[in-house]
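I have placed the structure first, in the form of structure tokens, so that the comments after it can refer back to it.
The values are calculated or read from the model by the stated rules, or taken from the named source; none is laboratory data. What you see is a predicted model, and the numbers here were worked out from it, not measured in a lab. Note that we place each Cβ from the backbone using ideal geometry, even for glycine, and neighbour counts take in every protein chain shown.
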């Protein structure tokens, strides 16, 4: 027995040694992978299935979104993540004897579509499905920039126009009647307003969107014929609203700030049924604020409930209602006037008086969105939208050109009554199929329809002879007196007549129907993409300019594009795109005007860095707008027009956004914009800049957040906005405003667990910034300007549960 034991012991030692050697070799050939999975809203995604190579290895993420796969043979794998209806895929390399850390962000566009998505570690390099092709921006031949809710919260941007102007290259927010609508300009032209992919822009309105119901903002440069054809050629912005996700999460937030800012927000997202077929979300906000300008208080309310019904795994429908109300003092009399120069008066100056009643704007929005997955490769989407906005109020203005050299003016009351409505419908289908084994095909086609109506009464309150009724005694801009007027000094305006009757000379009705098709060929292992598209649009419009008659226009607008993926993280594109805009005017022989035409020629480069954490884009463009109406005789006062006008906008745009290292994020942009009139019957207008432009503009926002240790969650932010060679509005012979625009902002924040604290200081240097016009604009004999916000702060506190 003893000898047997010794022999067996020897054999065991030998076998053990061989086994250890084998295990050592085996261990060296295997590795691990771990990481955290979150949504594009930073929600930790528990229950996400993670698998390698069709379930050769599999695990499920825990309540913190954490996953771990161990003892994986080294090599290259296809990793697949599935969370509910979202399926995402990417490639991963497992190194021997190492643990790879790989965090993922799943972009689930509030489940607007059910198609497979691509994993991104930067949520801003993918467009939403409301742009009809939810795609990696590297593959899209267009300059598209995305602003997410997280960035807006970091900057405590409370309105959409604040968020866009600070974070997108070449975009300016023009302060003109901004309390009722957003004045956004890009590439020398006003930007159209889309909400969830539906064009709701009008002659006046809609109300400038509040960020409480915004999930993200997508800014698309150029005509973008795949979305719309009858618009300005500079671009548009698309508001993606918050929708139900079934997260059973509630966030409450309060914001306090300078000039008596008090704001409360709530965001509640929940499941109404256990099977998650019925989801509900509601966002609400109330704001009361004063201003650095006298007698300019605001009361703003927003309520946005939404309901989503998951009919099946392939079909869902979402209902949204948004109510906005803004009650603001001072009407639109926010300009300061002077015979001498800009900035001569203090920023608090105003022409209004506390006795003037506030202007009230109310807006109702209804949206319905139906998505159906026909197959793995084909999706059908149908949308309906309705927007109605009303405004009623007055503004106490300086009577036109009544200011004298001593600063005395006579004031009068102007009416601010308006109505806007928009009915929009869309049906489109997108899908893909293989022409051959090496040629793939992506197809998009659909129908757009819309009907819009605008009417407004901007009249001065006048006497029986049509002369403006003076309000109170002379008002001196250098020694203003407020609070002495009484109701007896304010003339009564007769609103017994309907707005339609009072606005008889300012009523516009507009409708359109548009058909489009776009095809994209994928060649050379999907490295080369060739795009071809065409849109047919027919419009009908009635205005007083056409004596109430219907003016019909129609146009075909083509689109051609080439995209080449130089590498998986680097692409180049070229684009030719057209748009048109209907015009109303009287030509010779009573002919109606043809549409103006916009043509965009663009070349760009896009690249992601640091494993898709940082996204950069560089675009070179030229936009020509032709067929513009100009007076036949520049010296005559008549309505006979010819279509000989032309404007050209050309420039360079650079954008950067994302993560540089762990905890360090940067949004930065620069734009050179040369936008001017190149042809007009009036020689004096040739060479004048287009309104809303700055020749040079740059913005940046840098945030660093400590990732571990005692101060984990503590963050510091710094940013700036700078504009040089700014055009006035409207443009006159003098090209640039004499002062550049510059503001420096900074902040400190703390985010830990369910709490978030943020303090932002704007315009740290307290620079006197403004927008304005020289004498001659609109025939004025004086300077006019709007001061922007001086040194101020905002403090936000948020809690989620």
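Points worth noting:
- Candidates 691, 683: the one that is over 30 Å from residue 793 (Cα atoms), in contact (Cβ under 8 Å) with a residue 12 or more places away in the chain and surrounded by fewer than 16 Cβ atoms within 10 Å (Cβ to Cβ) is 683.
- Selection status of residue 589, part of a helix (DSSP H, G or I), assigned by the TED database to the domain that holds residue 618 and at pLDDT below 85: yes
- Of all residues in the stretch 295-311, exactly one satisfies the criterion of being touching a residue at least 60 places away in the same chain (Cβ under 8 Å), crowded, with 19+ Cβ neighbours inside 10 Å and part of a loop (DSSP other than H, G, I, E, B), namely 295.
- Residue list for the stretch 228-242, filter: surrounded by fewer than 24 Cβ atoms within 10 Å (Cβ to Cβ) and in a loop (DSSP other than H, G, I, E, B): 232, 242
- Any hit, the stretch 487-504, residues being assigned by the TED database to the domain that holds residue 403 and at positive phi: no
- Scanning the stretch 501-523 for residues that are out of contact with any strand residue (DSSP E or B) (no Cβ under 6 Å at 6 or more places or on another chain), touching a residue at least 12 places away in the same chain (Cβ under 8 Å) and under 26 Å from residue 458 (Cα atoms) turns up 504, 505.
- Positions within the stretch 150-174 being assigned to a helix (DSSP H, G or I), in contact with a helix residue (DSSP H, G or I) (Cβ under 6 Å, 6 or more places away or on another chain) and under 25 Å from residue 727 (Cα atoms), in sequence order: 163
- Among the residues of the stretch 320-339, at least one is surrounded by fewer than 16 Cβ atoms within 10 Å (Cβ to Cβ) and within 24 Å of residue 409 (Cα to Cα).
- Count - residues of the stretch 224-250 that are under 15 Å from the mean Cα position of the chain (by Cα) and over 29 Å from residue 306 (Cα atoms): 1
- Residue that is farthest from the chain's Cα centre (by Cα), among those in the stretch 313-347 that are assigned to a strand (DSSP E or B) and over 27 Å from residue 301 (Cβ atoms): 338
Here's the yes/no breakdown for (1) surrounded by fewer than 16 Cβ atoms within 10 Å (Cβ to Cβ); (2) touching a residue at least 60 places away in the same chain (Cβ under 8 Å):
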{"site": "687", "(1), (2)": "yes, no"}
{"site": "701", "(1), (2)": "no, yes"}
{"site": "706", "(1), (2)": "yes, no"}
{"site": "710", "(1), (2)": "yes, no"}
{"site": "718", "(1), (2)": "yes, no"}
{"site": "741", "(1), (2)": "no, no"}
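- Condition check for residue 181: modelled with pLDDT under 80 and closer than 12 Å to residue 218 by Cβ: no
- Scan of the stretch 58-86 for residues that are surrounded by 16 or more Cβ atoms within 10 Å (Cβ to Cβ) and under 26 Å from residue 312 (Cβ atoms), ordered by number: 61, 80, 81, 82, 83, 84, 85, 86
- Looking at 385, 425, 407, just one residue is on the phi > 0 side of the Ramachandran plot and in contact with a strand residue (DSSP E or B) (Cβ under 8 Å, 6 or more places away or on another chain), and that residue is 407.
- Residues satisfying the stated conditions in the stretch 595-653, i.e. modelled with pLDDT of 75 or more and outside any strand (DSSP E or B): 595, 610, 611, 612, 613
- Criterion (in contact with a helix residue (DSSP H, G or I) (Cβ under 8 Å, 6 or more places away or on another chain) and either at pLDDT below 90 or assigned to a loop (DSSP other than H, G, I, E, B) (or both)) met by exactly one of 721, 732: 732
- Restricting attention to the stretch 389-409, the residues that are crowded, with 17+ Cβ neighbours inside 10 Å and part of a strand (DSSP E or B) total 9.
- Set side by side, the residues 758, 762, 699 differ, and just one is within 24 Å of the chain's Cα centre (by Cα) and within 30 Å of residue 397 (Cβ to Cβ), which is 762.
- Number of positions in the stretch 271-289 that are buried (at least 16 other Cβ atoms within 10 Å of the Cβ) and within 30 Å of residue 483 (Cβ to Cβ): 3
- Of all residues assigned to the stretch 678-696, at least one qualifies as being at pLDDT 95 or above and either assigned to a strand (DSSP E or B) or in contact with a strand residue (DSSP E or B) (Cβ under 9 Å, 6 or more places away or on another chain) (or both).
- The number of residues in the stretch 556-569 being in a strand (DSSP E or B) and in contact (Cβ under 8 Å) with a residue 60 or more places away in the chain comes to 7.
- Candidate set: the stretch 466-479, residues that are at pLDDT 95 or above and part of a loop (DSSP other than H, G, I, E, B); chosen: the one surrounded by the fewest Cβ atoms within 10 Å (Cβ to Cβ): 479
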